[in-house]
1. Given the peptides 119-127, 75-83, arrange them by the average over their residues of other C-beta atoms within 10 Å, most packed first.
2. Take every DSSP beta bridge whose two residues both sit in the chain, then give the antiparallel share in percent to the nearest 5.
3. Scaled to the compact-protein estimate 2.2 N^0.38 Å, what is the alpha-carbon radius of gyration of segment 113-197, rounded to two decimal places?
4. Write out the cysteines belonging to the chain for which the nearest other cysteine Cβ is not under 4.7 Å, or none if no such cysteine exists.
5. Tell me the relative contact order for the chain as a rounded percent, counting alpha carbon contacts under 8 Å between residues six or more apart.
6. Sequence neighbours fewer than 8 away in the same chain don't count; with that in mind, list the lysines whose C-alpha is under 18 Å from Lys13.
7. Going by how many other beta carbons lie within 10 Å of each one, how would you line up His297, His110, His179, fewest first?
8. Evaluate 2.2 N^0.38 Å with N set to the residue count of segment 46-203, then give the Cα radius of gyration divided by it.
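Please treat every number below as a calculation from the coordinates, not as lab data. All values derive from a computational prediction rather than experimental measurement. Don't worry about glycine lacking a Cβ; one is built from the backbone with ideal geometry, like all the others, and counts go over all protein chains shown.
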Amino acid sequence: MTTSAGSLQEFLKQIENFESESTPAFRDAATSEALEAARIKYLGDRSGLLKAIQRELGQLPKEDKPIAGRAFNEAKTRVESLFEQRSRAVGGSPSASQIPLSDLTMPARHQWRGAKHPVTLVIEEIADIFRELGFTIALGPQVETEWYNFGSLNFPPDHPALDAHDTLYIKDDVLLRTHTSPVQIRTLQRFPPPIRILAPGDVFRRDFFDASHAPMFAQIEGLCVDEGISFVDLKAMLTNFATRFFGAARTRFRPSYFPFTEPSAEMDVQCQLCEGIGCAVCKGTGWTEILGSGMVHPSVLEAAGVDAERYTGWAFGMGPGRIALQRYDIPDIRILYDSDVRFLEQIARPVLSEAEG
Ligand code: DAH
């Protein structure tokens with residue numbers, strides 16, 4: 001007991017000495033150098049006096065520790081706050097407790113990079129292939145007149161084909177275009193054949209929002225008009241495109257109907273999601289329709305002021321959204337339009353990586 005009491009007294013004396021010695025040292029430090037020297041001497045991490053006293057605190061008998069510890073902490077707080085106060089006064093370096101805590105072993109923060117949307121990637125890839133076949137990009141307005149959207153394209157008024165093209169009307173005969181086909185007319189009106197254009201753009205329909213439909217989606221229109229163009233050109237070019245774009249996938253043409261083409265055909269590629277077995281996206285058929293096509297109807301050429309006796313042409317319209325589903329194995333078209341970056345990031349190729357090669 002005596003030893004313990006003795007050592008406690010000694011310890012408390014040490015603290016007193018520490019405080020009475022360090023206090024004037026800090027108080028009188030007039031420069032940041034002097035202050036820093038005092039800090040190292042009294043509060044330094046390795047050989048500071050306070051550290052030495054702390055080590056002795058650890059050696060004290062258990063029953064003395066509460067009193068010794070409290071005295072130690074009180075003196076420490078006083079001296080440290082005096083140091084802090086002085087370091088502000090002399091404008092010295094911040095004390096350890098002012099340096100923000102940072103863990104240098106933490107993983108670096110993920111760097112955000114902009115990226116292209118999967119549908120944009122598909123459009124660009126398709127445009128690249130058709131560019132090599134001589135096609136140029138053409139654009140048209142999203143708000144169209146009834147004549148450009150329907151009349152010029154040979155839709156008779158009240159024809160059942162109009163049902164699939166229900167849309168939002170801005171006013172009587174002005175509407176949100178339901179397809180990119182009006183760009184065919186606008187181009188033919190402005191430029192004489194030969195014409196080879198690709199017209200990507202957004203279109204609008206009164207459609208359900210389900211796994212394979214959206215009320216707004218992208219389309220790509222293709223048009224080729226020249227002398228002597230036949231169905232052979234259509235089939236050859238579109239098959240060439242499908243082989244290049246989809247690799248070795250099988251393709252097929254099915255007879256179809258569009259008011260602006262005659263004859264008309266739909267082109268399918270084998271569903272790449274289920275490889276022809278049948279799934280929700282291909283509705284169990286094993287095939288995915290990628291485009292509608294046909295020989296441009298003579299009345300369409302005439303409506304645009306092109307001599308249909310001299311010129312013939314073929315055209316197609318496809319949905320790059322659906323193609324993106326195939327391309328990136330996406331089971332639901334809504335994912336493309338949800339703008340959920342956690343998902344889009346998985347597909348999107350960073351814009352920079354293109355430049356980086
Ligand atoms: N415009 C049609 C649609 O949206 C797609 C289409 C089919 C465009 C055949 C064409 C074509 O140019 O020849 O349903």
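1. So the order, starting with the most tightly packed, is 119-127, 75-83.
2. 95
3. 1.31
4. Taking the Cβ cut-off of 4.7 Å, the unpaired cysteines of the chain are Cys224.
5. Reported relative contact order: 15 percent.
6. Within reach: Lys51, Lys65, Lys76.
7. By the 10 Å Cβ count, ascending: His110, His297, His179.
8. Taking N as the residue count of segment 46-203, the ratio is 2.58.
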